Amino acid sequence: MQKSIKKYFPLFMLPTAIAFLIGFIIPFFYGIFLSFCKFTTVTDWKWVGFKNFSRIFVVNGKVDTTFLHSIWYTSLFTVVTVVIINVVAFAIALALTKGIRGTNFFRTAFFLPNLIGGIVLSYIWMMIFNAVLQNYRMTITTSQWSAFWSLVIVVCWQQIGYMMVIYIAGIQNISPDLIEAAEIDGANSRQLLRYVTLPMLAPTITICTFLTLTNGFKLFDQNLALTGGNPNHLSELLALNIYTTMYGSTGWQGVGQAKAVIFFILVGVISLIQNKMSRSKEVA
């Protein structure tokens, strides 16, 4: 059996490898190449070197801080959502693994928002927010901070349930013998949480932190539908900033592609650092 698997493995692997090559590898490296070109379509490129990268920060001799603003705005948004989503999801997961009545109902209820598409969800919340804020003569795009907290609420509401499911799986995977041994030694609930539950959940925390971190940096559809980058591009996260640069005006496609390359490097480096730091705290 093993010999047959080894013999025919390349044959069965070939369609997936070809699809991966065509759908990811080639476009990825061609995209990096286009970041050094001026183009309107992918076939009429003209090599311009690092000019696209310089145009990200300087336009017509003037410093443009739009991209830098979107970087720190996205970073702040990501930090806030990562903390809120993971803390709340873990707290809910902890409560729903205590054997309380209606556990299955509450798990389903908290998970349901994750099944709604980001754009539909954003339009629903936009109507809710504006209906409330109009009493104070405001909208969610009155300022970058009203837009910021609107995005935080929507994203947290959508993703907490998904992370809760992962935390529940991690908590249920902890050996009852460890908990029983700690209780026999006289550990109270707080000590159980600190010295048993959290260390054993380190791999789960790594996964949830990685997912929320990358989701925060890559967020696009909620940002587009909820705020559209208003007011005056101040609530643009990185993905939306790249989109508006790419498709907002003719002749900026190369600059948008250059921003996408910087975006990829930024997210990749941060994700690797976070993953390494989280894994160093995992229990072997």
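The values are calculated or read from the model by the stated rules, or taken from the named source; none is laboratory data. Computed from a prediction, not measured in an experiment: that's the story for all the values here. No Cβ is skipped: glycine too gets one built from the backbone with ideal geometry, and neighbour counts run over all protein chains shown. The accessibility values were calculated without ligands, DNA or RNA, using every heavy atom of the protein model including side chains. Shrake-Rupley method; radii C 1.70, N 1.55, O 1.52, S 1.80 Å.
Run the dipole for the range 1-63 about the Cα centre, Lys and Arg Cβ at +1, Asp and Glu Cβ at -1, nothing else charged, and hand back the magnitude in debye, nearest 20.
140
Roughly how many debye, to the nearest 20, is the charge dipole of the range 65-283 about its Cα centre, given +1 on each Lys and Arg Cβ, -1 on each Asp and Glu Cβ, and no other charges?
My answer is approximately 200 debye.
In degrees from 0 to 90, rounded to the nearest 10, what is the angle of the helix 144-172 Cα long axis to the longest principal axis of the chain?
Computed tilt is about 40 degrees.
Apply the Karplus parameterisation 6.51 cos²θ - 1.76 cosθ + 1.60, with θ equal to phi minus 60°, to every residue of the range 8-17 and state each ³J(HN,Hα) to the nearest whole Hz, in sequence, with x for glycine and proline.
Karplus values, whole Hz, x for Gly and Pro: 9, 4, x, 5, 6, 7, 4, x, 5, 5.
Between the helical axis of 253-279 and the dominant principal axis of the chain, each derived from Cα atoms, what acute angle in degrees is found, rounded to the nearest 10?
20
With a probe of 1.4 Å, find how much accessible area the chain has per residue, and write the answer as a whole number in Å².
On a per-residue basis, the chain sits at 60 Å².
Using only the alpha-carbon atoms, how far is helix 118-133 inclined from the longest principal axis of the chain? Give it as 0 to 90 degrees, nearest 10.
It works out to around 90 degrees.
At a 1.4 Å probe, what is the % contribution of carbon and sulfur to the accessible area of the chain?
That fraction is 68 percent.
Which far-off residues, 5 or more places away or on another chain, put their amide H under 5 Å from the one on residue 230, with H placed in the peptide plane?
Close amide H contacts, sequence-distant or interchain: 235.
Sequence-distant or interchain residues sharing an amide H contact under 5 Å with residue 59, placed H: which?
Amide H neighbours of residue 59, under 5 Å, 5+ apart: 64.
So what is the relative contact order for the chain, in percent, with contacts set as C-alpha pairs under 8 Å and at least six apart?
The value is 28 percent.
Just to confirm the filter: which trypsin sites (Lys or Arg not before Pro) across the range 79-127 are DSSP coil and have at most 15 other Cβ within 10 angstrom of their Cβ?
Counting only loop positions with at most 15 other Cβ atoms within 10 Å, the trypsin sites (Lys or Arg not before Pro) in the range 79-127 are 98, 101.
Which one of 157, 14, 144 has its Cα pushed farthest toward the positive end of the charge dipole of the chain, where Lys and Arg give +1 and Asp and Glu give -1 at the Cβ?
Selected residue: 14.
Please list, ordered by chain and number, the residues whose modelled amide H lies under 5 Å from the amide H of residue 37; skip anything fewer than 5 residues away on the same chain.
Here the answer is 48, since their amide H atoms fall under 5 Å of that of residue 37.
Among the chymotrypsin sites (Phe, Trp or Tyr not before Pro) in the range 1-49, which ones are in a DSSP loop with at most 14 other Cβ atoms within 10 Å of the Cβ? Mind listing them?
The qualifying sites: there are none.
In whole Hz and in residue order, list the ³J(HN,Hα) couplings for the range 99-104 that follow from phi through the Karplus curve 6.51 cos²θ - 1.76 cosθ + 1.60, θ = phi - 60°; x for Gly and Pro.
Working through the residues one at a time gives x, 6, 5, x, 4, 5 Hz.
What list of ³J(HN,Hα) values in whole Hz, one per residue of the range 243-251 in order, does the Karplus curve 6.51 cos²θ - 1.76 cosθ + 1.60 (θ = phi - 60°) give from phi, with Gly and Pro shown as x?
In residue order, the calculated couplings are 4, 5, 5, 5, 10, x, 8, 6, x Hz.
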